[in-house]
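One structure is given below, encoded as structure tokens.
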Amino acid sequence: MSTDSATAAATTYRPPAPRRRTGYAAVRPHLLSLGGLVVALAFLGPYVVMFLNTLRTSTDVKRTPPSFLPQEWQWDTYAQVLGDGRFVNWLATSLLVAFASTVIVLAVAIPAAYYTARFRFAGRGLFLFLVLVTQMFSPTALVVGIYRQFFELNMINTYGALIITNAAFNLAFAVWILHGFFGAIPDEVEEAARLDGCGKVATLLRIMLPLTLPGLVTATIFTFIAAWNEYVVALTLMVDDSRKPLTVGMRAYVTGYVQHWDQFFAAAVIAIVPVVILFAIIERHLVSGMTAGAVK
């Protein structure tokens, strides 16, 4: 074929037009988007209502029938709550208990998960089974025994009782998830570290932990949230109003004698903020940690 013929053929060639979708195939993307929007609104709806209730007066919150937008706007609710010394104490207690519990869980779970994943020893399977069994018990079912135990130890109404309890009930989850991450690391990585002169502790800290960062982040966020949201044990063990965590203390805004619904909802909105901030900071690692191992 001559050059002119090839050029003419190239200029006259037209790629085939894409096939137009018809029927269900044409509307399917729009239906999926609409479905996703409906689900998002369903999840966000309660938070929107809760936020709007912080801008109403307490009388407006109890109005029947209720209205979506406040009929009486109130803009100083958050200032009232943040200026309440009781609320500041509750918030500080929740932060202290959640942070300390998370640190204890990671300090115990990391070496336990590493050793059970990388070494074989007698009773290893039984140990992991017992760790799994502890996940079957709820603090609610054991609250009487927990109270009795801390009463004998003279630890009722102490931060240590809450920290120990939250750490104990979240330790099993952290051990299991980190066990899976440590077990997925090839043996060659550990052997190379030993050849470079790293001992067991140095190998764990310098080699293994960076490779299990998604698992560490996942264990951290779940432990922190579980300790932050815990209610039943804190309600049972904490007597002094100034030592109660936020989940228990904020009940004081709505009692049989006092109903400050606007302040109650404002306290609930503020209680969400630390968890949202934590999620925003480590969301990328959290998603990868939860999906790790899904594909081989």
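The values are calculated or read from the model by the stated rules, or taken from the named source; none is laboratory data. Not measured: the values here are computed from a predicted model. With ideal geometry, Cβ positions are generated from the backbone for all residues, glycine too; neighbour counts draw on all protein chains shown. Protein only, heavy atoms only, side chains kept; ligands, DNA and RNA dropped before computing areas. Shrake-Rupley method; radii C 1.70, N 1.55, O 1.52, S 1.80 Å.
Can you tell me, using C-alpha contacts under 8 Å and at least 6 residues apart, the relative contact order of segment 51-155 as a whole percent?
In percent, rounded to a whole number, it is 15.
Rounded to whole Å and sorted largest first, what semi-axes of the equivalent ellipsoid does the C-alpha gyration tensor of the chain yield via the square root of 5 times each eigenvalue?
Three semi-axes, in Å: 46, 38, 16.
First compute the accessible area of the chain with a 1.4 Å probe, then give the percent of it belonging to carbon and sulfur atoms.
68 percent
For the chain, with the dipole built from +1 on Lys and Arg beta-carbon atoms and -1 on Asp and Glu ones, taken about the Cα centre, which of Ala174, Leu32, Val103 lies farthest toward the positive end?
Sorting the options by dipole projection puts first Leu32.
Using every pair of alpha-carbon atoms in segment 45-173, split the distances into 10 Å bins beginning at 0 and state the percent of pairs per bin, rounded to integers.
10, 24, 22, 21, 15, 6, 2
Mean residue ellipticity at 222 nm from the helices of the chain, using -39,500 (n - 2.57) per DSSP H segment of n ≥ 4 over the full residue count, to the nearest 500 deg cm²/dmol?
-22000 deg cm²/dmol
Between Val275 and Ala40, how many nm apart are label points set 7 Å from Cα along the C-beta direction?
It works out to 2.1 nm between the two label points.
If you average the sequence gap of Cα pairs under 8 Å that are 6 or more apart and divide by the length of the chain, what percent do you get for the contact order?
RCO, the chain: 28 percent.
What is the calculated FRET efficiency for Leu96 to Val49, with r their C-beta to C-beta distance and R₀ = 25 Å, to the nearest 0.05?
Given R0 = 25 Å and the Cβ-Cβ separation, E is 0.25.
Kindly rank 199-208, 177-186 from highest to lowest mean number of other beta carbons found within 10 Å of each residue.
In descending order of packing, they fall as 177-186, 199-208.
First measure r as the distance between the Cβ atoms of Asp76 and Val201, then evaluate 1/(1 + (r/R0)^6) with R0 = 45 Å and state the FRET efficiency to the nearest 0.05.
In this case the efficiency is close to 0.25.
Full-extension gain between Phe121 and His30, please, as 0.36 nm times their residue separation minus the C-alpha to C-alpha distance.
That pair, Phe121 and His30, stretches by 27.2 nm at full extension.
Roll a 1.4 Å probe over the protein chains and send me the accessible area per residue for the chain in Å².
With all protein chains present, the chain gives 61 Å² per residue.
For the chain, what is the charge dipole size about the Cα centre, in debye to the nearest 20, if Lys and Arg each add +1 at the Cβ and Asp and Glu each add -1 at the Cβ?
Using Cβ point charges on Lys, Arg, Asp and Glu, the chain gives about 820 debye.
Computed FRET efficiency, Cβ-Cβ of Tyr147 and Phe68, R0 45 Å: what is it to the nearest 0.05?
For Tyr147 and Phe68, the calculated efficiency is 0.55.
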